Amino acid sequence: MGQGLWRVVRNQQLHQDFGDQCYLEQEGEGQRMEPTQGEHLAARRGMPHCQVPGSDISHLLHVRRGKGDQGFIDLEMLPPELSITILSYLNATDLCLASCVWQGLGSDEYLWQGLCKSTWGHCSIYNRRVPIGFSYRKLYMQLDEGSLTFNANALEGIRYFMSKGILVDHPQEIAKFIFYTRTLNWKMLRMYLDERRDVLDELVTLHNFSNQFLPNALRDFFRHIHAPEERGEYLETLITKFSHRFCACNTRLVQQLGLSPDAVYVLCYSLILLSIDLTSPHVKNKMSKREFIRNTRRAAQNISEDFVGHLYDNIYLIGHVAA
């Protein structure tokens, strides 16, 4: 809570907006001035009640910090906009704890809506008109429960989201949910996408590889769609889909370098093998740059030697493309 308050102080815009508003005890007074009913109403409406020359939030916090026996500032004494901004820095657990003290503030729907959308960036329910009595706090609990279910059983998790009306049973909606969510277990996600190739197709189209260097684009791809641990049909499918998407996003580059989906496919496999060779402790004799260029150009003869050399440098300096 304290960290959230001090972060707001460092925000110059909020400092300017609220620096002259005072709902706190004044420096030098021996006891707190009890606000009247009119003062409470003015605070709830965000209207300034009293102005003390030279007083601002930063100054008041420093004064308050020096008075350890009086505790911290009561958020209900601040303007509602500032109180909500402070609480917006909390996670769900801390916000629940804060609601035990400030029930009205801690249960604010805008706070819980922000938590939902920052953790699960896309849900079908966001785009529908919510019914009367809808609660984003309840939705957060359902999203959290569904994610835990997904991480234990992917199919059950998706069914849970659909049963609660959170997701629509459509490949594009499921793909968007997966793309904008970071709480899903990657092993379960890999198994799910292996079974639902229609969702995988939609997920690939959500990636934008424009103006990205090939190894960096491949890393970005495998951060969202994790590569299998062994070679096989699923890995070949992933690389094939990536190759077509990369070429579609970089039409000018494809023309300049003479690339094609088949050539990108070969280069991707070469990058994966090079990554294993350079990063594995079990490989004693590492592949040299000259060897990589020679081996790669045998399979993709139209690719320039300089371009292949840059690929090697990228793996050597940055690391594995599918780690």
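For the range 209-226, enumerate the residues that are of a type in the set (D, E, K, R) and open to solvent by less than 60 Å² (accessible area, probe 1.4 Å).
Correct list: Arg219, Asp220.
All but one of (1) in contact with a Cys (Cβ under 7 Å, 6 or more places away or on another chain); (2) outside any helix (DSSP H, G or I) hold for Leu218; state the number of the condition that does not hold.
Among (1) in contact with a Cys (Cβ under 7 Å, 6 or more places away or on another chain); (2) outside any helix (DSSP H, G or I), the lone unmet condition for Leu218 is (2).
Can you find a residue in the range 265-275 that is outside the structural domain of Asp313 (by the TED database), touching a residue at least 12 places away in the same chain (Cβ under 8 Å) and of a type in the set (S, T, N, Q)?
no
For (1) surrounded by fewer than 15 Cβ atoms within 10 Å (Cβ to Cβ); (2) under 15 Å from Ala175 (Cβ atoms), each residue gets a yes or a no:
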| site | (1), (2) |
| --- | --- |
| Leu189 | no, yes |
| Val204 | no, yes |
| His207 | no, yes |
| Glu229 | yes, no |
| Gln255 | yes, no |
| Ala263 | no, no |
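Going through the range 167-186 one residue at a time, which ones are part of a loop (DSSP other than H, G, I, E, B) and surrounded by fewer than 19 Cβ atoms within 10 Å (Cβ to Cβ)?
Of everything in the range 167-186, those that are part of a loop (DSSP other than H, G, I, E, B) and surrounded by fewer than 19 Cβ atoms within 10 Å (Cβ to Cβ) turn out to be Val168, Asp169, His170, Tyr180, Arg182, Thr183, Leu184, Asn185.
Condition first: of a type in the set (Gly, Ala, Ser), under 19 Å from the mean Cα position of the chain (by Cα) and outside the structural domain of Asn153 (by the TED database). Can you find one or more residues in the range 214-223 that meet it?
Yes, some residue in the range 214-223 is of a type in the set (Gly, Ala, Ser), under 19 Å from the mean Cα position of the chain (by Cα) and outside the structural domain of Asn153 (by the TED database).
Mind checking which residues of the range 142-155 are surrounded by 14 or more Cβ atoms within 10 Å (Cβ to Cβ) and not acidic (Asp, Glu)?
Those that are surrounded by 14 or more Cβ atoms within 10 Å (Cβ to Cβ) and not acidic (Asp, Glu): Gln142, Leu143, Gly146, Ser147, Thr149, Phe150, Asn151, Asn153, Ala154, Leu155.
Scanning for something open to solvent by 40 Å² or more (accessible area, probe 1.4 Å), in a helix (DSSP H, G or I) and basic (Lys, Arg), does the range 281-288 turn up at least one residue?
No.
The values are calculated or read from the model by the stated rules, or taken from the named source; none is laboratory data. Since the model is a prediction, treat every value here as computed from it, not as a measurement. Every residue, glycine among them, receives a Cβ derived from its backbone with ideal geometry; neighbour counts consider all protein chains shown. Just so you know, the surface numbers come from the protein's heavy atoms only, side chains and all, with ligands and any DNA or RNA stripped out. Shrake-Rupley method; radii C 1.70, N 1.55, O 1.52, S 1.80 Å.
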